Amino acid sequence: GRAHACGLLAGGRAVCWGGGAVGQLGDGGSAVSQVAVAVAGDLSFSTITAGIAHTCGLSSGKAYCWGGGKSGQLGDGSSNDRKKPVAVKGGLSFVAISAGGNHTCALTEAGKAYCWGDGFSGQLGFGGQEQQAEPIDVSGGQKFSRIAAGRMHTCALTSSGKAFCWGANEGGQVGDGSKSDRASPQAVVGAQSFTEISAGGNHTCALTGGGEAFCWGEGQSGQLGDGGKGDHPKPFAVTGGLTFSSISAGEGYTCGMARGQAYCWGKNDKGQLGITETTPKTAPEPVGGE
């Protein structure tokens with residue numbers, strides 16, 4: 001998340017650490033914790049995801065969320081903060097969940113996408129921009145196999161690897177060739193087929209089956225990895241010829257794994273690239289400066 005992190009122990013018990021001002025650690029309190037604290041309750045999670053200031057997880061397919069809830073991103077029908085896990089309303093069973101800025105999205109086993117929380121930029125994908133405190137169907141009828149919620153946009157992949165995105169698009173992060181916000185899923189331009197996708201702040205990155213990385217959206221900090229600092233409203237290949245096994249788009253920077261080595265590029269004012277300096281990089285740099 002923005003100021004907290006969470007993980008799962010063997011057996012599925014959740015722990016969190018970092019900033020807890022709005023309950024995002026899930027331990028029942030609102031204090032900062034510099035060590036991992038157990039999430040309250042006896043739930044066993046199969047997956048966990050941290051948004052800007054909220055956290056969600058799946059337990060036996062049922063979604064639970066906690067932390068900041070002012071935009072309805074906890075899905076419990078309210079706009080209240082919660083310091084302990086609360087069940088997402090609707091009785092749906094999910095196989096994947098992703099917490100974004102102030103919204104959350106999830107997939108059912110049949111590939112149906114649902115989102116809830118802040119919809120101001122269309123990031124919930126139902127065709128409108130209203131806040132939703134309970135899961136609402138993403139429009140378009142597509143069946144997805146992966147979903148990724150960014151700060152104010154969302155992306156997903158079909159089983160055939162076709163990418164769709166929706167929501168805020170000022171940097172071109174939806175990837176449809178425009179810079180207009182989209183309130184329903186838009187097909188990402190290009191013939192690429194992807195196996196993994198990650199939505200960051202104002203950019204998106206994805207991997208092909210062969211491990212080639214493509215990014216699109218805002219590039220002012222070099223986060224697209226194309227060697228420049230321009231925006232791209234369509235997928236653009238990451239330079240360097242690396243073959244990646246995973247990729248993750250953050251707030252103004254991106255990291256990926258290639259041959260067991262971590263590489264990062266983009267914004268670096270806080271040292272987020274893990275190299276021996278704090279200047280931004282427009283192409284992948286090995287973490288550790290090797």
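The values are calculated or read from the model by the stated rules, or taken from the named source; none is laboratory data. All values reported here derive from a predicted model rather than from experimental measurement. Positions of Cβ are backbone-derived with ideal geometry, glycine not excepted, and every protein chain shown enters the neighbour counts. SASA here: full protein model, heavy atoms, side chains in, ligands and nucleic acids out. Shrake-Rupley method; radii C 1.70, N 1.55, O 1.52, S 1.80 Å.
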Report task. Round to a whole angstrom and tell me the spacing of the C-alpha centers of the stretch 126-148 and the stretch 13-62. Result -> 24
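Going by average Cβ neighbours within 10 Å, how do the peptides 97-105, 20-28 rank, with the highest at the top?
Details: 97-105: 27.4, 20-28: 23.9.
By packing density, highest mean first, the sequence is 97-105, 20-28.
What trypsin sites (Lys or Arg not before Pro) in the stretch 7-102 are in a loop by DSSP, with at most 15 other Cβ atoms within 10 Å of the Cβ? Provide the component values of the computation, followed by the final result.
Numbers: sites: ARG13, LYS62, LYS70, ARG82, LYS83, LYS89; in loops: ARG13, LYS70, LYS89.
Passing both the DSSP loop test and the Cβ count: ARG13.
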Requested in this report: Could you work out the relative contact order of the stretch 191-238, using alpha carbon pairs under 8 angstrom and six or more residues apart, expressed as a whole percent?
Outcome: 27
Query raised in the report: Within straight cross-link reach of LYS267, meaning Cα distance under 17 Å, which aspartates and glutamates are found once same-chain residues fewer than 8 apart are removed?
Result: GLU218, ASP226, ASP231, GLU251, GLU277, GLU285
Query raised in the report: In debye, nearest 20: dipole of the chain around its Cα centre with unit charges on the Cβ of K, R (+) and D, E (-)?
Result: 340
**Report entry** Using a Förster distance of 30 Å, the FRET efficiency for THR195-ALA5 (Cβ separation, nearest 0.05)
**Finding:** 0.70
Query raised in the report: What list of ³J(HN,Hα) values in whole Hz, one per residue of the stretch 226-239 in order, does the Karplus curve 6.51 cos²θ - 1.76 cosθ + 1.60 (θ = phi - 60°) give from phi, with Gly and Pro shown as x?
Result: 9, x, x, 10, x, 6, 9, x, 9, x, 9, 5, 5, 6
Report task. State the percent of C-alpha pairs, over all pairs in the stretch 175-274, separated by a distance greater than 19 angstrom. Result -> 35
Query - Amide N proximity, the stretch 204-234 versus MET257 label position 7 Å along Cα-to-Cβ, cut-off under 18 Å - result: 205-214
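Note down the relative contact order for the stretch 108-266 as a percent, whole number, built from C-alpha pairs under 8 angstrom at least six residues apart. List each step's numbers first, then the result.
Details: 503 pairs, mean separation 26.3, N = 159.
Normalised by residue count, the contact order of the stretch 108-266 is 17 percent.
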Query raised in the report: Within straight cross-link reach of LYS84, meaning Cα distance under 23 Å, which lysines are found once same-chain residues fewer than 8 apart are removed?
Result: LYS62, LYS70
Report task. Would you be so kind as to identify which of GLY20, ALA156, SER78 lies farthest towards the positive end of the dipole of the chain, taking Lys and Arg as +1 and Asp and Glu as -1 on Cβ and the Cα centre as origin? Result -> SER78
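The stretch 199-290: which trypsin sites (Lys or Arg not before Pro) are DSSP loop and have at most 13 other beta-carbon atoms within 10 angstrom?
Details: sites: LYS229, ARG259, LYS267, LYS270, LYS281; in loops: LYS229, ARG259, LYS267, LYS270.
For trypsin sites (Lys or Arg not before Pro) across the stretch 199-290 that sit outside H, G, I, E and B with at most 13 neighbouring Cβ atoms in 10 Å, the list reads ARG259, LYS270.
With every protein chain kept in place and ligands, DNA and RNA left out, what is the accessible area per residue of the stretch 89-240? Probe 1.4 Å, answer in Å².
Per residue, the stretch 89-240 has an accessible area of 35 Å².
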Report summary line: Filtered hits (lysines, Cα-Cα < 17 Å from LYS179, offset >= 8 within chain) -> LYS229, LYS234
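What relative contact order, as a whole-number percentage, does the chain give when Cα pairs under 8 Å and 6 or more residues apart are counted? Provide the component values of the computation, followed by the final result.
Working: 1009 pairs, mean separation 27.4, N = 290.
Worked out over the chain, it gives 9 percent.
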**Report entry** Share of carbon and sulfur in the accessible heavy-atom surface of the stretch 174-290 [1.4 Å probe, %]
**Finding:** 45
